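J.: Quick one: the structure is below, and I'll ask about it shortly.
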Amino acid sequence: MDCQPSACPAPEDVNIPALREKYRQERNIRINKAGQAQYLSLQGTEIPEVHEADPHMPVIPRAPLSEDLEVAILGGGWAGVLAGYALAKAGVKNFRNFDHAGDFGGVWYWNRYPGLSCDNDAYCYLPLLEEMGFMPTKKFTDGFEIREYCQSIAKKFGLYENALFHTLVTSMRWDDSIKRYRITTDRGDEIRARFVILANGLLNIPKLPGIPGIHEFKGKMFHTARWEYDYTGGDQKNPVLDRLADKRVAIIGTGATSVQAVPFLGKYAKELYVLQRTASTVDSRRNEPTDPEWVKTLKPGWQRERQLNFHHAAMEMLSPGEPDLICDIWTEINRNLAAEFEKTGWPQSPAEYMAAREVMDYRLMERLRNRVSSIVEDAEAAAILKPWYRYLCKRPASNDDFYPTFNRPGVKVIDVSKTKGVERMTEKGFVANGVEYEIDCMIFASGFEVTSDLDRRWGFDIFEGRGGASIYDLWATEYRTYHGMMTRDFPNLFFTGFIQGGFASSTTEIFKLHGLHSAWIIAEALKRGVTTVEPSLAAQNEYVDFIRANAVDMSDFVSECTPSYFNNEGEQIVNAKGEKKFRSYTGEPYGPGFYAFEKMLADWREEGSMAGLELGS
């Protein structure tokens, strides 16, 4: 494929100082001083069915378990499956996956809303393609295909044999007398695990906006992560929502989920209200089926090569002569810059590159705003749907049907930014900008707990290490880890995800690396007859100091972004030094980059002494 630069406005046609001020104004309109408190906590009794209920599979009764276990994997999504895969490859057999879903899949198990698909390159996102002999059917493949592929990996590596589904962890405590974690669940289980891998993923707990009157509404309500096809009609593979033909429907949110679901709601509902606080960037999709002739040209190692290219183009920069193999909205800025650098000369410093990138950022966003006007016929609706912020302040989206949906006569977008969201709900509907709208169904496309406090994100109240130390207290304002995966006073515990490690363009590559590294340590501990492994305080402090000394300062950029889960709704936290920090969904990334992080861990394992860890007998 010949991937060409996009047609962005020329630099002289973009007034950056004026746009910077416009962005600042739009951000200030949307900032809610309540921060994460503007959303309901699903723990406790407020609306537990949104988190705990499973509309996809019935709960099968079983007797409670009381057992000793070598490894408990808390999670059955990509992080949990890849941890189980790594343990199986390392020869560790006595482990279980625990998940409150009814099967493997994680967010792809729960999310089954109409239009669900991968929103970045599936040839990169789906792990182990060469080992599994699998190829996605499309570049942005369907959600059900991702779920089924995830489950196929679990089947191949024997994860189903011991998995416990519809099992919600309620507490986890380290018991020093037996050198194990005592884990309790909502099924009455009492598990004594020597090692624990926390594999609950990034998108775990749904969140609901705390709209006044939400409990007063007499109509139907559900979250997109618990889509109810019994109400809407259709199913995930055939989303004909014919039961909405006489229904007035509202959906809150225009993020990545809503962008995919709105075209189907607009097509089938009698009326559709799309309630928007902040517009998304929505580019064209160009979702082509996988070309079998292209597949025939692929050589061993092709996926790794493609993932590296994606990472360069999306997260770093393309090298001179390096093509853009991905060629979509995620790589557009660096693709355009590479073409210009070929003409003007390549930057000689990071600062020179970042200056050029900032200009291209403004040009790209202007192109995307112009795209709205070229498709949406109603000028007022088009104005509402235009995004006013820097690229990557909100997750980029692509969809060929989202904007045309607003040309349908029964579809209306309502701007709720000035009231920081929907004003309130009533028995019959909702109030926005002082006007009550009667509806039959409210759908919440309000996302997940991503950057909120850890107890909200992880979903169980008691998480204690040695001496009753709570991870929620210790990490309330900052992370402290060794290699981003272990922490002092929590022996034999391994974290996965975005904490203090390398950040990659493909989330599953992060999970795969964390699973591999954790499994290696566990296998080595078992082989050496070691009872506990834990970072020394000195090693942990040295690693944290390195992370912060080599951090890329993104505070100015983040401070200019509109509120979202990317930045914990713009709410700052105060660390132990009294410094105000934005909490990013990326955590505290390893400054030298993901592949440098991968090499550092590989070298550490190759050296073999388990340096920095205290080994207890």
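The values are calculated or read from the model by the stated rules, or taken from the named source; none is laboratory data. All of these numbers come straight from a predicted model, not from anything done at the bench. Cβ: placed from backbone, ideal geometry, glycine included. Neighbour counts: every protein chain shown. Side chains included, ligands, DNA and RNA excluded: accessible areas come from the protein's heavy atoms. Shrake-Rupley method; radii C 1.70, N 1.55, O 1.52, S 1.80 Å.
J.: May I ask for the equivalent-ellipsoid semi-axes of region 1-156, computed as the square root of five times each C-alpha gyration tensor eigenvalue and listed largest first in whole Å? Walk me through the intermediate numbers first.
T.: Working: eigenvalues 302, 144, 47 Å².
Semi-axes (√(5λ), whole Å): 39, 27, 15.
J.: Moving on to the next point. Quick one: Cα convex hull volume of region 71-150, Å³ per residue? The partial results should precede the final answer.
T.: Values: hull volume 7.1 nm³, N = 80.
In region 71-150, the Cα convex hull volume per residue is 88 Å³.
J.: Here's a follow-up. What full-extension length gain, to one decimal in nm, is calculated for N370 and W294 as 0.36 nm per residue of separation minus the Cα-Cα distance?
T.: Numbers: separation 76, 0.36 × 76 = 27.36 nm, distance 3.36 nm.
In short, 24.0 nm is gained.
J.: Can you give me the accessible area per residue for region 310-430, using a 1.4 Å probe, in Å²?
T.: The answer is 42 Å² per residue.
J.: Once you keep just the Cα pairs under 8 angstrom separated by 6 or more residues, what percentage relative contact order results for the chain? Provide the component values of the computation, followed by the final result.
T.: Details: 1197 pairs, mean separation 123.9, N = 617.
Reported as a whole number, the value is 20 percent.
J.: Taking Rh as the Kirkwood radius, which is the inverse of the mean 1/r over Cα pairs, what is the Rg/Rh value for the chain?
T.: In the chain, Rg relative to Rh is 0.95.
J.: OK, next. Each residue of region 546-559 in turn: what ³J(HN,Hα) in whole Hz from Karplus with 6.51, -1.76, 1.60 and θ = phi - 60°, glycine and Pro shown as x?
T.: Those phi angles translate into 5, 4, 7, 5, 10, 5, 8, 6, 10, 4, 5, 4, 4, 5 Hz.
J.: Would you mind getting me the FRET efficiency between A549 and Y472? Use the beta-carbon distance for r and R0 = 22 Å, nearest 0.05.
T.: 0.25
J.: How many nm is it between the label spots at N575 and M135, if each spot is 7 Å from the Cα in line with the beta carbon?
T.: With each label placed 7 Å out from Cα toward Cβ, I get 4.7 nm.
J.: Once the Cβ-Cβ distance between A339 and S609 is put in as r, and R0 is 56 Å, what FRET efficiency do you end up with, to the nearest 0.05?
T.: Numbers: r = 48 Å, r/R0 = 0.85.
The calculated FRET efficiency here is 0.70.
J.: Right, another one. Count neighbours as other Cβ atoms within 10 Å of each site's Cβ, and list the GluC sites (Glu not before Pro) in region 286-395 that are DSSP loop with at most 15 such neighbours. Don't skip to the end; give the middle numbers.
T.: Numbers: sites: E293, E305, E316, E332, E340, E342, E352, E358, E366, E377, E380; in loops: E316, E377.
Passing sites in region 286-395 are E316, E377.
J.: To one decimal place, what orientation-averaged projected area in nm² is obtained for the convex hull of the Cα set of region 101-197?
T.: Values: hull surface 31.5 nm².
Result: 7.9 nm².
J.: Which FRET efficiency value, to the nearest 0.05, do you get for V435 and A18 by plugging their Cβ-Cβ distance into 1/(1 + (r/R0)^6) with R0 = 45 Å?
T.: Working: r = 32 Å, r/R0 = 0.71.
So, using R0 = 45 Å, E works out to roughly 0.90.
J.: Now, a different point. When averaged across all projection directions, what area in nm² does the alpha-carbon convex hull of region 389-505 cover? Please list the in-between numbers first.
T.: Details: hull surface 47.8 nm².
Across all orientations, region 389-505 yields a mean hull projection of 11.9 nm².
J.: At 7 Å along the Cα-to-beta-carbon direction for both A34 and S417, put a label point, then send me their distance in nm to one decimal.
T.: 2.0
J.: At 7 Å along Cα-to-Cβ for each site, give me the label-to-label distance between N94 and R243 in nm.
T.: It works out to 4.7 nm between the two label points.
J.: Over the chain, with every protein chain in place, what whole percent of the accessible area is carbon and sulfur at 1.4 Å, could you tell me? Each step should come with its number before you reach the end.
T.: Working: 12700 of 25030 Å².
The value for the chain is 51 percent carbon and sulfur by accessible area.
J.: So, by mean Cβ neighbours within 10 angstrom, what's the order for 150-162, 117-129 with the highest one leading?
T.: Details: 150-162: 16.8, 117-129: 22.2.
Most protected by this proxy first, the peptides run 117-129, 150-162.
J.: No other cysteine beta carbon under 4.7 Å away is the test; run it over the chain and list who passes.
T.: Cysteines of the chain left without a disulfide-compatible partner: C8, C118, C124, C150, C441.
J.: Give the value in nm², to one decimal: projected area of the alpha carbon convex hull of region 230-358, averaged over all directions. Intermediate values should be presented prior to the final figure.
T.: Working: hull surface 47.2 nm².
Answer in nm², one decimal: 11.8.
J.: Of L392, M315, V413, which is farthest towards the positive pole of the chain's charge dipole, taken about the Cα centre with +1 and -1 on the beta-carbons of Lys, Arg and Asp, Glu respectively?
T.: Most positive-ward Cα: V413.
J.: Here's something else I'd like to know. Per 0.36 nm of contour for each residue apart, how much would the distance between Y585 and D378 grow if the chain were fully extended, relative to their Cα-Cα spacing? Walk me through the numbers before you get to the answer.
T.: On the way: separation 207, 0.36 × 207 = 74.52 nm, distance 3.52 nm.
Full extension of this stretch gives 71.0 nm more.
J.: Using the crude model of +1 on Lys and Arg Cβ and -1 on Asp and Glu Cβ, and no other charge, please compute the dipole size for the chain relative to its Cα centre, in debye to 20.
T.: Details: 72 positive and 86 negative charges, 94 e Å.
Computed charge dipole of the chain: roughly 440 debye.
J.: Give, as a single signed number, the net charge of other residues whose beta carbon lies under 12 Å from the beta carbon of D361, with Lys and Arg counted +1 and Asp and Glu -1.
T.: Details: positive: R20, R357, R363, R367, R390; negative: E332, E358, E366, E560.
Value of the local net charge: +1.
J.: Can you give the local net charge around K247? Use residues other than it whose beta-carbon is closer than 12 angstrom to its beta-carbon, Lys and Arg +1, Asp and Glu -1. If you can, show how the numbers build up before the last one.
T.: On the way: positive: K220, R243, R248, K270; negative: D242, D246, E271, E438, D440.
Around K247, the surrounding residues sum to -1.
J.: Take the alpha-carbon centre of region 194-270, take the same for region 345-385, and report the distance between them in whole Å.
T.: What the calculation gives is 30 Å, centre to centre.
J.: While we're looking at this one, here's another question. How far, in nm, would the chain grow between R528 and E316 when pulled straight, counting 0.36 nm per residue and subtracting the alpha carbon separation?
T.: Numbers: separation 212, 0.36 × 212 = 76.32 nm, distance 4.01 nm.
Additional length available on full extension: 72.3 nm.
J.: For region 153-241, what does the equivalent ellipsoid look like in terms of its semi-axes, each the square root of 5 times an eigenvalue of the Cα gyration tensor, given largest first in whole Å?
T.: Working: eigenvalues 252, 91, 25 Å².
So the three semi-axes of region 153-241 are 35, 21, 11 Å.
J.: Can you give the percent of C-alpha pairs in region 487-599 whose distance is more than 16 Å?
T.: Details: 4317 of 6328 pairs.
Counting pairs separated by more than 16 Å, the tail of P(r) holds 68 percent.
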